[in-house]
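Values in this text are rule-based calculations from the coordinates and carry no lab data. Keep in mind that this is a model prediction, so the values were computed, not measured. With ideal geometry, Cβ positions are generated from the backbone for all residues, glycine too; neighbour counts draw on all protein chains shown.
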Amino acid sequence: MNVLVAGATGKTGQRVVRELLSRGHQPVALVRESSDTSNLPNEVVLREGDLTNLQDDICADCESVVFAAGSGGDTSKEMTDKVDRDGAMRLTDIAVNSDTKRFIMLSSVGADDPPAEGDMAHYLQAKHDADEHLKASGLNYSILRPVSLTDEEGMREIIIGDEVNKKATAARGDVAAVLAQALDNDQWLGQTVTMQSR
């Protein structure tokens, strides 16, 4: 299937693209005009767009969406809102009005109950708002909430659900594998799960 990947040039998104290709899907990378696409495989279709100003037809011909974008840890609260909250919600709304069948959201542990204060409070509230908007959209969705990410590929030894240690880590490669798996496995429909790498 054609899969629109938001955040395709990011550390996790690049791995998502490769996972999708290995599963026989066609990744459609949502990229800004200024994005560095040199690390994306040649098979990837590039589609220009900006999460802060998405066009109504951005999901055209894509049966599924994977949202793996993030504003980054060093950005302002305003940019966090524009990308992680408003961008995700806008893309959800566009997907609803397109032929999109499934929407896979990369969220974060702690987004279920964001703290009132602290370094991660604003970010987790933005993720929470985006997650809740997706849940209410009527789309077939899956939401993945990994613990703290590392840049490792991982061994595909993954813990999901109640046994997750929220102080553990999740390899980006493992996260990408789970996001891709969620597209193909109906057991993930309507699920919001936490995960870690062993």
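A few points about this structure:
- Residue ranges of strands (runs of 3 or more DSSP E) in the stretch 102-153 with at least 3 members touching a helix residue (DSSP H, G or I) at 6+ places or on another chain (Cβ under 8 Å) and under 23 Å from Lys11 (Cα atoms): 102-106, 140-146
- The listed residues are Leu21, Leu40, and the only one of them that is at negative phi, surrounded by fewer than 21 Cβ atoms within 10 Å (Cβ to Cβ) and either touching a Ser or Thr at 6+ places or on another chain (Cβ under 7 Å) or not aromatic (Phe, Trp, Tyr) (or both) turns out to be Leu21.
- Looking only at the stretch 63-83, and only at residues there that are part of a helix (DSSP H, G or I) and not basic (Lys, Arg), the one that is surrounded by the fewest Cβ atoms within 10 Å (Cβ to Cβ): Glu78
- Any chance Ser38 is of a type in the set (Ser, Thr, Tyr), more than 23 Å from Ile143 (Cβ to Cβ), without any contact (Cβ under 8 Å) to a residue 60 or more places away in the chain and assigned to a loop (DSSP other than H, G, I, E, B): yes
- Test: Ala182 is buried (at least 21 other Cβ atoms within 10 Å of the Cβ) and not in a strand (DSSP E or B): yes
- Some residue of the stretch 121-129 being surrounded by fewer than 24 Cβ atoms within 10 Å (Cβ to Cβ), closer than 27 Å to Asp174 by Cβ and of a type in the set (A, V, I, L, M): yes
- Qualifying position, being surrounded by 15 or more Cβ atoms within 10 Å (Cβ to Cβ) and of a type in the set (D, E, K, R), among Asp151, Asp86: Asp86
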